[in-house]
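Following: one structure in C-alpha cells, then a few remarks.
The values are calculated or read from the model by the stated rules, or taken from the named source; none is laboratory data. The shown structure was predicted, so the numbers you read here are calculated from the model rather than taken from an experiment. Cβ placement follows ideal geometry from the backbone for every residue including glycine, while neighbour counts extend to all protein chains displayed.
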Amino acid sequence: MTTPWGVLDQLQSWAAVLGDHIDKLDLTPEHRLQSKKQQVQKWQRYTEPGDELEPTASSPMKRSSRNLSDDLENGDDDDSPLPEAVLTTNLGLDIVVVVTKTDYMSTLEKEHDYRDEHFDFMQQWVRRFCLQYGAALFYTSAKEDKNCDLLYKYLTHRIYALPFRTPALIVEKDAVLM
C-alpha cells in the first residue's frame, strides 16, 4: 500500500508470470482441464462460512450469499454458469492476493490527501481482478498485526484442507478479507 498507484500493474504482471509459467509446465491437456474444472466447482459450491451452521434457511440472522450448490443439489448439472465476470481467467490454481502494509493508508490520508473514495476505488479494482482470477483477497499489516493470523489460517486451510470459518471482512478499509 506504500505505492497504491502501482498495485494493478503489479497484479497484472504477476498474473502474466503465473500464466507463462503454467504454459511451460509439462502438463497434459486433460490435467489442465481438470484443474480448471476444480476451480469452477469451488466457486459453484462455495458457501459463506457460518451459513452451514444455520438451522433453517429462513433464519433472520442468516447472511445472504450465493450458494450455487443448492442449484446442483436440486438437479442442475455441474455446468451451471458462474456469475458474470467471475473466473473469466481460469489458471486452474488457487490464487491469494495479499495487499501489504495497509498501516500506510493513514500516511496516504495525511500526506497525499487520500480519502475513503480513493481507497474504495482502489479496492474495487483489486476486487475485480480477484473475481476475474478467482483469487482470495487479504489486506494485511504486520506492523499493526492485522489479518496476518487469518492469512496463515487461510493458507493452511487451502493447503491442508483444515477448517476456515471466518466470513468475509469488509468493514475496516485496512483489514479486508474476501
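Can you name the residue in the range 125-174 that is within 20 Å of M105 (Cβ to Cβ), at pLDDT below 95 and β-branched (V, I, T) and, of all such residues, is farthest from the chain's Cα centre (by Cα)?
Ranking the candidates gives V171 first.
Condition check: under 16 Å from the mean Cα position of the chain (by Cα) and surrounded by 14 or more Cβ atoms within 10 Å (Cβ to Cβ). Does M178 satisfy that? If you could, list the steps in order and put the result at the bottom.
Values: under 16 Å from the mean Cα position of the chain (by Cα): yes; surrounded by 14 or more Cβ atoms within 10 Å (Cβ to Cβ): yes.
Yes, satisfied.
Filter the range 119-147 down to the residues that are crowded, with 16+ Cβ neighbours inside 10 Å and over 28 Å from T88 (Cβ atoms) and list them by number.
As a first pass, look at the range 119-147 and keep what is crowded, with 16+ Cβ neighbours inside 10 Å: 119, 122-123, 126-127, 129-141, 146-147.
Of everything in the range 119-147, those that are crowded, with 16+ Cβ neighbours inside 10 Å and over 28 Å from T88 (Cβ atoms) turn out to be S141, K146.
From the list L108, L131, L151, L155, exactly one residue is farther than 20 Å from W14 by Cα and not assigned by TED's automatic domain parsing to the domain that holds R45. Which is it?
Numbers: L131 fails: farther than 20 Å from W14 by Cα; L151 fails: farther than 20 Å from W14 by Cα; L155 fails: farther than 20 Å from W14 by Cα.
The conditions single out L108.
Residue under question is L87, and the condition is that it be surrounded by 18 or more Cβ atoms within 10 Å (Cβ to Cβ), on the phi > 0 side of the Ramachandran plot and not in a helix (DSSP H, G or I); does it hold? Break it down stepwise before answering.
Values: surrounded by 18 or more Cβ atoms within 10 Å (Cβ to Cβ): yes; on the phi > 0 side of the Ramachandran plot: yes; not in a helix (DSSP H, G or I): yes.
Against the criterion (surrounded by 18 or more Cβ atoms within 10 Å (Cβ to Cβ), on the phi > 0 side of the Ramachandran plot and not in a helix (DSSP H, G or I)), L87 qualifies.
Just for helices (runs of 4 or more DSSP H) wholly inside the range 98-168: which have at least 3 residues that are within 20 Å of E48 (Cβ to Cβ) and in contact (Cβ under 8 Å) with a residue 24 or more places away in the chain? Please lay out each step first, then the result.
Numbers: elements: 105-112, 116-133, 148-160.
Filter on the range 98-168 gives 116-133, 148-160.
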